[in-house]
Every structure is written in structure tokens, then in C-alpha cells.
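Enquirer: This is the structure I have questions about; it appears just below.
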There are 2 protein chains.
Amino acid sequence: MNTLVVKAGGGAGVDLDAICQDVAALVGEGTPVVLVHGTSAAADALAARAGVPVRQLTSPSGHVSRYTDPETLQLYVAAAAGQVNKQLVAILQGLGCNAVGLSGVDGRLLLAQRKTAVRAVENGRQRIIRDDYTGKLETANAGLLALLLGAGYTPVIAPLALGAESECLNVDGDRAAALVASSLEAATLVILSNVAGLLANFPDESSLVRCVTPGGMDAAEQMAAGRMKKKVLAAREALAGGVHQVILADSRRFAPIRSALAGEGTWIVSSQ
Amino acid sequence: MNTLVVKAGGGAGVDLDAICQDVAALVGEGTPVVLVHGTSAAADALAARAGVPVRQLTSPSGHVSRYTDPETLQLYVAAAAGQVNKQLVAILQGLGCNAVGLSGVDGRLLLAQRKTAVRAVENGRQRIIRDDYTGKLETANAGLLALLLGAGYTPVIAPLALGAESECLNVDGDRAAALVASSLEAATLVILSNVAGLLANFPDESSLVRCVTPGGMDAAEQMAAGRMKKKVLAAREALAGGVHQVILADSRRFAPIRSALAGEGTWIVSSQ
């Protein structure tokens with residue numbers, strides 16, 4: 001049975017209970033699922049609690065990421081692999097789904113290269129950031145996921161990766177989900193977040209783009225605003241890795257995964 | 001090959017690098033190892049950082065535990081399953097040992113019953129605490145550990161358990177290690193902390209008790225002071241569960257596991 005990979009956004013408003021209900025139901029019906037999650041709201045809350053300012057980096061191409069200096073990394077790991085991951089596992093367990101929480105650090109599940117010099121644009125000027133612990137994803141250990149799936153467990157993955165010097169790295173959850181989907185040869189990746197999908201005129205939800213075919217990818221990337229840029233990039237990477245379709249869909253509703261699979265959201269499809 | 005279970009204390013002064021070096025070397029030589037860890041110093045530090053006071057509960061029989069109200073639980077989960085667990089996994093990965101971090105919540109690894117009414121002694125008077133999220137351990141999922149060990153992974157376990165209502169619970173790491181050792185039918189459990197072992201006259205380290213035989217268990221429990229009480233209790237539970245010997249040893253030294261196996265610390269042995 002082909003595995004379904006689902007990315008649950010980490011932003012405010014994402015309904016984790018609704019996502020977990022769908023995951024548990026799908027697993028109960030015999031569809032193996034791997035759930036990858038974000039962390040942004042929980043990491044922001046923990047940083048605020050600890051009095052550490054949250055800072056964003058904007059790349060020259062407009063991608064936004066969390067500035068993860070060593071102090072922020074400590075709190076990010078705590079929020080990602082601790083709070084959000086175990087919250088999701090506990091919810092799934094309560095629904096009868098035997099979830100196992102992992103991060104990319106565990107069993108070399110996600111390996112990445114630390115970005116030792118990050119170019120960031122601030123007030124229109126470029127700076128080089130050298131103490132950022134963000135990683136560029138390289139490989140996923142599909143064998144560990146297959147081992148757990150084969151024994152009836154549902155893997156839940158926190159967006160961390162292991163660097164070449166065995167450091168924990170913050171990695172983008174959407175791109176991590178894309179890599180996981182490719183490595184498992186999944187047909188479908190569903191990326192859920194607190195928006196309806198790709199919007200031609202953000203934030204006008206009536207401008208939802210229903211379908212992006214291979215010829216439309218460049219236009220979709222141009223169209224994407226803010227955090228949606230990374231989701232379209234992740235979709236491109238997943239398709240390049242052999243995934244047949246990536247669905248960018250809304251997690252603020254009942255049955256978000258089933259709705260996405262039934263045709264809601266933005267479908268980004270391959271030529272295969 | 002019989003699995004060795006090691007508990008790494010979570011207190012200040014515990015040398016996690018030295019413990020991991022021994023674990024990696026033992027695994028490299030063909031001995032399967034499961035590492036269970038504590039969290040106390042990291043949980044205290046994160047709570048201090050977040051401005052949440054750390055409170056202890058003392059039971060009528062003198063056992064001390066962390067008062068884990070819902071707010072403390074959030075930070076405890078972050079420190080245990082996030083910070084300490086992933087730190088250990090990353091250190092082990094850097095030593096070539098393919099560690100996988102889990103908590104008791106994952107895959108129903110540790111199931112516990114929440115203590116909904118905890119008797120605590122405060123200023124000589126007993127109180128009943130009703131918002132504590134501490135659990136009494138019941139069962140361990142040895143199958144998940146065997147699955148990972150069989151595939152060449154080294155499980156690293158954070159001291160959380162899943163409650164009957166799918167809540168995360170704080171559980172004692174020593175007793176968790178004892179349950180894990182019993183469930184894996186391990187011959188040996190090594191409990192490392194920042195003391196030399198059981199001391200007849202705490203804190204005089206020259207009063208180290210070298211060996212406790214079955215007939216001496218009651219006397220050992222009487223003798224144990226402070227946190228050592230739980231370690232002796234854990235040892236009793238491990239022996240009752242079929243473990244042959246429990247070694248309470250010092251983690252503040254070079255090669256702490258090998259030293260313990262070579263005869264250092266306090267050996268608590270069964271009649272088998």
C-alpha cells in the first residue's frame with residue numbers, strides 16, 4: 001500500500017485534533033501515513049516565555065526563515081521534538097493510532113548541511129549571518145520509516161535534521177515532508193496550513209488556484225507570497241523526487257486531509 | 001546477545017559525553033544497549049528560564065518527586081523529550097552510534113497510571129495534590145525496542161509515559177529503566193548518577209556499600225538518603241522483574257559504564 005505523507009503546519013490556527021482524526025481514520029482503514037509537523041507557533045511561544053526575541057531572516061530571493069542562533073536552537077528543539085511532537089503522538093494514541101514520534105536527528109532520519117553563511121536582507125541591505133543553525137536537507141532514511149510502518153506504527157516527524165558535525169539543525173518542515181515523500185516513493189503529499197492553498201491574489205481566498213501543471217510551476221512560484229513560497233518550492237522538490245501530486249490545503253476545517261484528497265486546495269501535479 | 005540497560009542521571013555533574021562514549025563503544029563491540037535518561041537539571045533550567053518555580057513533593061515515606069502541574073508538565077516534556085533526548089542522540093550519532101530517541105509516549109513504550117491524588121508532606125503536615133501529572137509505571141513495550149535493536153539502532157528513552165487518558169506523564173527515570181530492563185529480560189541494569197553509589201553514611205563516599213544481597217535489601221532501603229531512595233526502589237523492582245544485577249555507579253568519571261561493569265559502585269544482586 002502506498003504511503004501517504006502529510007505535513008501539518010505549525011502556525012496558529014492549525015487544527016491538530018482534526019488532522020489527527022483524519023490520520024487515525026486513514027491508518028485504521030489500512031493506508032499507511034507519515035505525519036511531518038511544523039513548530040512555528042510553539043517555538044515562538046516558548047521563546048517568548050523564555051524572553052528570547054524571535055527574529056526572521058529574509059533571503060535575497062524572498063524566502064523567510066527563523067534566525068536560529070544557538071540559544072534559539074535550544075528552545076526550537078524543545079518545542080519541536082518535545083512539545084509539538086509529543087502532543088501529536090498523545091492525540092493520535094488517544095485515537096487508537098499507535099504513533100511514534102521522531103525527529104530528523106533520530107536514526108539519521110534527516111541529514112542536512114548546515115548553512116554556515118546565510119545571506120539575509122535587512123532594511124534593503126544584505127548581511128552574512130554566521131551563527132545560524134539552519135540546514136539544507138540532503139537525505140532521508142526511508143529504511144527507518146519502513147521498519148516502523150511495517151510493524152504497524154505511524155511515524156510523526158519533528159522538523160530537525162542532523163548536520164555533518166552531529167549538530168541538531170532547524171530545517172523547513174515543508175521541504176522535510178517533500179524529502180520524506182520522495183524517499184518513500186509516496187504518490188501523494190498533502191501540505192496543510194492555515195491558508196486555503198495557493199492564492200493568485202493573497203489574501204483573497206476566492207483567488208484560490210485549483211491546479212498547477214508542470215508548465216505552470218514557474219508562474220506559481222512567482223505568485224506565491226510569504227510562507228507559501230516555501231510550500232511551492234517543497235512541492236517542486238517533491239515532484240522532482242517522484243511524487244505524483246502535492247496538495248496544498250486548508251487545516252482550519254473539519255476532515256482536512258480527506259477534503260484535500262477529495263479535491264480541495266491547490267493540486268500541484270506532475271507530468272507522470 | 002543480552003541487552004544492557006543503562007540509566008544516565010539527569011542531575012548536574014553527570015558526564016553525558018563519557019556515558020555516550022561507553023555506550024558507543026559497547027554497541028560497536030556487539031552489545032545491544034538501551035539508554036534511559038533523566039531530566040532534572042535541564043527541566044529545572046528551562047523552568048527557571050520560563051519563570052516557573054520548581055517545587056518538590058515529599059511523600060509520607062520520604063520519596064521526593066517533581067511537582068508536575070500542567071504548566072510544569074509542558075516544560076518537562078520540552079526538556080525531556082526535546083532537549084536532553086536529542087542532545088544524547090546527537091552525541092551518540094557523532095560517535096558513530098545510530099541512536100533513536102523515544103519517550104514513553106511513543107509507540108506506547110511506557111504506560112502509566114496518573115496519580116490523581118498524591119499525598120505530600122509539607123511543613124510536617126500532609127496535603128493531597130490533585131493537579132500533578134506524575135505516573136505510576138505499569139507496562140513497557142519491549143517489542144518496539146526489540147524492533148529497533150534488531151535493526152541496529154540504539155534506543156534512547158526520555159522519562160515520560162502515556163496515561164490512560166492519553167496524557168503525557170512525568171515518570172521516574174530510574175524506575176522506568178528498571179521496567180525497561182525487566183521487559184527486555186536484561187541481565188544487568190547500570191544506574192549512573194552524580195554519586196558513587198549507595199553510601200552507608202551519606203555524603204561520606206568512603207562509606208560506599210559494595211554489595212547488597214537479597215537479604216540486605218530492607219537495610220539498603222533504610223540506609224538510602226534523598227534521591228538514592230528511588231534508585232534502591234528501582235533496583236528492587238528490576239530484581240523482582242528478573243534482572244540479575246543492578247549497579248548503582250558514578251557518572252562523574254571516565255568510562256563510567258565500563259567501570260561499573262568492572263566492579264565499581266554498589267552491586268545489588270539477585271538470588272538467581
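Enquirer: Residue B:166 to residue B:119: extension gain in nm, 0.36 nm per residue of separation minus the Cα-Cα distance? Write out the running numbers ahead of the final one.
Expert: Numbers: separation 47, 0.36 × 47 = 16.92 nm, distance 2.32 nm.
Answer, rounded to one decimal: 14.6 nm.
Enquirer: Listing A:208, B:46 from the residue with the fewest other Cβ atoms within 10 Å to the one with the most, what is the order?
Expert: Details: A:208 18, B:46 28.
With the fewest neighbours first, A:208, B:46 line up as A:208, B:46.
Enquirer: Let me ask something else. When the Kirkwood radius is taken over all Cα pairs of the range B:173-251, what Stokes-Einstein diffusion coefficient follows at 37 °C and 0.692 mPa s, in µm²/s? Don't skip to the answer; put the middle values down first.
Expert: Values: Rh = 12.4 Å.
My calculation gives 265 µm²/s for D.
Enquirer: Under 37 °C and 0.692 mPa s, how fast does the protein assembly as shown diffuse according to Stokes-Einstein, given a Kirkwood radius computed over C-alpha pairs? Answer in µm²/s, whole number. Kindly include the intermediate steps, with their values, before the conclusion.
Expert: Working: Rh = 24.0 Å.
Result for D is 137 µm²/s.
Enquirer: Let me ask you something else. Along the axis that rotates chain A into chain B, which residue of chain A has the nearest beta-carbon, and what is the gap in whole Å?
Expert: So the closest residue, with its distance, comes out as A:82, 1.
Enquirer: What distance in nm separates the simple spin-label points at residue A:61 and residue A:271, each placed 7 Å from Cα in the Cβ direction?
Expert: 2.0
Enquirer: Also: Using only helices, what value at 222 nm comes out for chain A when you add -39,500 (n - 2.57) per DSSP H run of length 4 or more and divide by the total residues, to the nearest 500 deg cm²/dmol? Working shown, then result.
Expert: Details: 9 runs with 88 residues, N = 272.
Computed mean residue ellipticity for chain A: -9500 deg cm²/dmol.
Enquirer: Still on this model: Where both partners of a DSSP beta bridge lie in the range A:4-269, what percent of those bridges are antiparallel, to the nearest 5?
Expert: Details: 21 of 47 bridges.
That works out to approximately 45 percent antiparallel.
Enquirer: Using the 7 Å Cα-to-Cβ label point, sort the distances from residue B:128 to its equivalents in the other copies shortest first and give them in nm to one decimal.
Expert: Ordered by distance, the counterparts are at 6.6 nm.
Enquirer: Where the centre of each part is set by its Cα atoms, how far does the range A:187-226 sit from the range A:111-164, in angstrom?
Expert: Measuring centre to centre over Cα atoms gives 23 Å.
Enquirer: Compute the longest continuous run of chain B that contains no exposed GluC sites (Glu not before Pro); treat a site as exposed when its DSSP state is not H, G, I, E or B and it has at most 16 other Cβ atoms within 10 Å.
Expert: Numbers: sites that count: B:29, B:165, B:185.
Longest site-free region, per DSSP loop and neighbour criteria: B:30-164.
Enquirer: Quick one: work out the % antiparallel among DSSP beta bridges in the range A:182-272, nearest 5.
Expert: Working: 5 of 13 bridges.
Here the share of antiparallel DSSP bridges comes out near 40 percent.
Enquirer: What is the range A:1-123 by shape, rounded, prolate or oblate, if you read a ≥ b ≥ c off the alpha carbon gyration tensor as root eigenvalues and call it rounded for a/c under 1.5, prolate for a/b larger than b/c, and oblate otherwise?
Expert: On the way: a/c = 2.14, a/b = 1.80, b/c = 1.19.
Here the range A:1-123 falls in the prolate category.
Enquirer: Cα centroids of the range B:25-94 and the range B:250-270: how far apart, whole angstrom?
Expert: That distance is 22 Å.
Enquirer: Right, here's the next one. How much of the DSSP bridge set in the protein assembly as shown is antiparallel, in percent, rounded to the nearest 5? Mind showing how you got there, number by number?
Expert: On the way: 42 of 95 bridges.
Percent antiparallel among DSSP bridges in the protein assembly as shown is about 45.
Enquirer: To one decimal place, what orientation-averaged projected area in nm² is obtained for the convex hull of the Cα set of the range B:59-100?
Expert: Values: hull surface 16.9 nm².
Mean projected area for the range B:59-100: 4.2 nm², to one decimal.
Enquirer: Checking a compactness column here: for chain B, what do you get for Rg(Cα) / (2.2 N^0.38 Å), N being the number of residues? All intermediate terms of the calculation are to be shown ahead of the outcome.
Expert: Numbers: Rg = 17.4 Å, N = 272, 2.2 N^0.38 = 18.5 Å.
Cα Rg divided by the expected 2.2 N^0.38 Å: 0.94.
Enquirer: Also: Using 25 Å as the Cα-Cα cut-off, could you pick out the over-long pairs in B:86/B:115; A:115/A:231; A:86/A:115; A:229/B:86; A:86/B:136? Write out the running numbers ahead of the final one.
Expert: On the way: B:86/B:115 28 Å; A:115/A:231 20 Å; A:86/A:115 28 Å; A:229/B:86 30 Å; A:86/B:136 19 Å.
In this structure, B:86/B:115; A:86/A:115; A:229/B:86 exceed 25 Å between Cα atoms.
Each value in this text was obtained by applying a stated rule to the coordinates, not by laboratory testing. Here the structure is a predicted model, which means the values were calculated and not measured. Note: ideal-geometry Cβ built from the backbone for every residue, glycine included; neighbour counts use all protein chains shown.
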